[in-house]
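Before I ask anything, let me first share the structure, which is written out below as structure tokens.
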């Protein structure tokens, strides 16, 4: 494939594009008060093929505030490597100045203050503008959606994904892969896919009964771009049927299926593919491992773990690109493909600063059309955040949104202990801001949002924490499901990320009494997003709405009830 | 993790070089599996490679885990689970000219290693192992 020398040349080209810091051109521009659309989109068109990647939009049609994580711990070989860098460490690695636009977009410090300066990010009408500019440079650029698109908002929930489908179709993607889309239910996703004007891909989407490739989702699609045969292979989240309720899509099976991926790569190469692109929802560490073990993939467009990484990570002859989440970023990757191989690349993670990039008028109108029937519901103010409170979700063990949700579960369902799933989606709310119903749906919307109330023994609670913990911190990426640790209300514990399953969790303490959790005793536990069929209870968004309405003004400080060791 | 290098050597026979696959979870003691293996091999040496075992890293449903085995030239393949109450899963016997591949579904009581051992036409034995995790599922995001 590519020689080391080719890559060095490509890296130098990249460095030249971004300046000596390797990245952060737009951060300096912002410091000089010249953050403009032209500068954000500036790109010296390179080679003969362009890829445009967006992923994990989670139905955020409009610009949002989205605070990146303070804690994103890597284990094993991933420790201290991208994307497991946060805060000052992240800024140092990529040459980003404190307080700059890049610091705001990519790291967590001073988020609320910087948000006042730099505003919201994302919005598919702004993404449309970026696409239009790239297509003006390169009319046949491939636009690829990494999935988690038809999930995550009030309107998406109430239209079963149709609002996002309508808007994304207007952006004309060339291909897409999947994860949360399956929680719409098999019938609904099949219905949408049947009418989709682009390729619905997943080499690892299988028929569960026969354990054979699905006949509804193709493994790959071949494109001719710039005179180059390009194969785009899809890979859905391998753990969709485990992390989400498989009873909603019982005919489907997923899995890493590394052998299958190698077969598909070999098949497209045999068909004449000169460039092999994997449109992946594996999660970043899984993608790095797959890049190292499957031969013949040139580019992996990574999703699922919501990482925004300013530079491609090079694994052997493969570049791995991560484009963030919630519409905050679009990646453009230009490639020089000659003599049947990738000779070099140029890459830019384009930040969608909503106040800088002009919305595309047609797409803006289309978005408003989707929202119009629901506007009163969306915009109803339920409460406010206090001046000391930013509501955010991201973080390996906790976020203030989840602290609030866990507290709502404890109080509204009169429980000893509460549990909230460690998902990574959900926009932030700034201090002193109105909390609308749309904001609450942004962190709770799903097709299985029932808030259950049950009893669990102390022993079982530990089994749950150890099980979820291993899905996140198993040192072999192929055993990682993505997401974060389940959030716990009413109980504190210590968690050692360096240990093995069964030995990570200790010091479980019932917070209301300060007593150690008794393995033999039963505790009343309230939670939501159970993957089991027949789960009963009020919808979590109604419960959280009641709670916020009662509070009026919400003040949440990080609880600090999880002690993290071994990081 | 209870599956030590010593245990693996006990399974494979004293003369075997085994590359231990990294698994991070507790397993039942594989003595019963070793016994079943011994009955299949008659105590002969077993080497790694020459057989492919495909199984999911994490089972979507522990009650029905799809696996496939392939060892071109095999006359029989034994599949064992180390963590089930009874280790024997299946024995595939191939007639002359058969491809030496088979697929089935197995039930796993919990996270464990699955072993596949093939008896080749020349009487030698080869093995492969995969760690399959059984999880309670939940909240990926």
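The values are calculated or read from the model by the stated rules, or taken from the named source; none is laboratory data. Please read all numbers here as calculations on a predicted model, not as lab measurements. Positions of Cβ are generated from backbone atoms using ideal geometry, with glycine treated the same way; all protein chains shown enter the neighbour counts.
Kindly indicate the residue of the stretch A:450-480 that is within 12 Å of another protein chain (Cβ to nearest Cβ) and not in a helix (DSSP H, G or I) and also farthest from residue A:290 (Cα to Cα) among those meeting that condition.
For the stretch A:450-480, the residue satisfying everything is A:456.
Those residues that are in contact (Cβ under 8 Å) with a residue 12 or more places away in the chain, farther than 20 Å from residue A:399 by Cα and crowded, with 20+ Cβ neighbours inside 10 Å, I need them from the stretch A:479-517; list them, please.
Selection gives A:480, A:501, A:504, A:517.
Out of all the residues in the stretch A:268-281, which are free of Cβ contacts under 8 Å to residues at least 60 places away in the same chain and more than 19 Å from residue A:317 (Cα to Cα)?
Restricting attention to the stretch A:268-281, the residues satisfying the condition of being free of Cβ contacts under 8 Å to residues at least 60 places away in the same chain are A:268-273, A:276, A:278.
Residue satisfying the conditions is A:271 alone.
So, one more: So the check is Cβ under 7 Å with 6+ separation or different chains; which pairs have a first residue in the stretch B:48-64 that's within 7 Å of chain A (Cβ to nearest Cβ) and a second one that's part of a loop (DSSP other than H, G, I, E, B)?
As it stands, the answer is B:56/A:255; B:57/A:256; B:58/A:239; B:58/B:135, since those pairs meet every condition given.
Something else: Among the residues in the stretch A:242-253, are any within 12 Å of chain B (Cβ to nearest Cβ), under 17 Å from residue A:214 (Cβ atoms), surrounded by fewer than 24 Cβ atoms within 10 Å (Cβ to Cβ) and without any contact (Cβ under 8 Å) to a residue 24 or more places away in the chain?
No, there is no match, as no residue in the stretch A:242-253 is within 12 Å of chain B (Cβ to nearest Cβ), under 17 Å from residue A:214 (Cβ atoms), surrounded by fewer than 24 Cβ atoms within 10 Å (Cβ to Cβ) and without any contact (Cβ under 8 Å) to a residue 24 or more places away in the chain.
Something else: Report yes if some residue within the stretch A:378-387 is farther than 30 Å from residue A:530 by Cβ, modelled with pLDDT of 95 or more and out of contact with any strand residue (DSSP E or B) (no Cβ under 6 Å at 6 or more places or on another chain); otherwise report no.
yes
So which of A:526, A:520, A:503 ends up being touching a strand residue (DSSP E or B) at 6+ places or on another chain (Cβ under 6 Å), more than 9 Å from chain B (Cβ to nearest Cβ) and either within 30 Å of residue A:154 (Cβ to Cβ) or part of a loop (DSSP other than H, G, I, E, B) (or both)?
Numbers: A:520 fails: touching a strand residue (DSSP E or B) at 6+ places or on another chain (Cβ under 6 Å); A:503 fails: touching a strand residue (DSSP E or B) at 6+ places or on another chain (Cβ under 6 Å).
On inspection, the qualifying residue turns out to be A:526.
OK, next. Among the residues of the stretch A:221-238, is any more than 22 Å from the chain's Cα centre (by Cα), more than 14 Å from every other protein chain (Cβ to nearest Cβ), within 26 Å of residue A:141 (Cα to Cα) and assigned to a loop (DSSP other than H, G, I, E, B)?
Within the stretch A:221-238, the first condition is being more than 22 Å from the chain's Cα centre (by Cα), and the residues that meet it are A:221-231.
Still in the list and also more than 14 Å from every other protein chain (Cβ to nearest Cβ): A:221-231.
With within 26 Å of residue A:141 (Cα to Cα) added as a condition, the list becomes A:221-231.
Keeping just the survivors that are assigned to a loop (DSSP other than H, G, I, E, B) gives A:226-227.
Yes, that holds for at least one residue.
Could I ask something else about it? Which residues, taken from the stretch A:191-213, are surrounded by 23 or more Cβ atoms within 10 Å (Cβ to Cβ) and not in a strand (DSSP E or B)?
A:202, A:203, A:204, A:205
Any chance you could count how many residues in the stretch A:128-144 are buried (at least 16 other Cβ atoms within 10 Å of the Cβ) and assigned to a helix (DSSP H, G or I)?
Summing the residues that are buried (at least 16 other Cβ atoms within 10 Å of the Cβ) and assigned to a helix (DSSP H, G or I) in the stretch A:128-144 gives 6.
Among the residues of the stretch A:428-446, how many are touching a helix residue (DSSP H, G or I) at 6+ places or on another chain (Cβ under 6 Å), part of a loop (DSSP other than H, G, I, E, B) and away from chain B (no Cβ under 14 Å)?
The total comes to 2.
Keeping to the stretch A:407-427, report how many residues are away from chain B (no Cβ under 13 Å), surrounded by 24 or more Cβ atoms within 10 Å (Cβ to Cβ) and under 30 Å from residue A:121 (Cα atoms). Walk me through it before giving the result.
Kept after step one, since they are away from chain B (no Cβ under 13 Å), are these residues of the stretch A:407-427: A:407-418, A:427.
Then drop every residue that is not surrounded by 24 or more Cβ atoms within 10 Å (Cβ to Cβ), which leaves A:408-409, A:417-418, A:427.
Cutting the leftovers down to under 30 Å from residue A:121 (Cα atoms) gives us A:408, A:427.
Residues flagged as away from chain B (no Cβ under 13 Å), surrounded by 24 or more Cβ atoms within 10 Å (Cβ to Cβ) and under 30 Å from residue A:121 (Cα atoms) within the stretch A:407-427 amount to 2.
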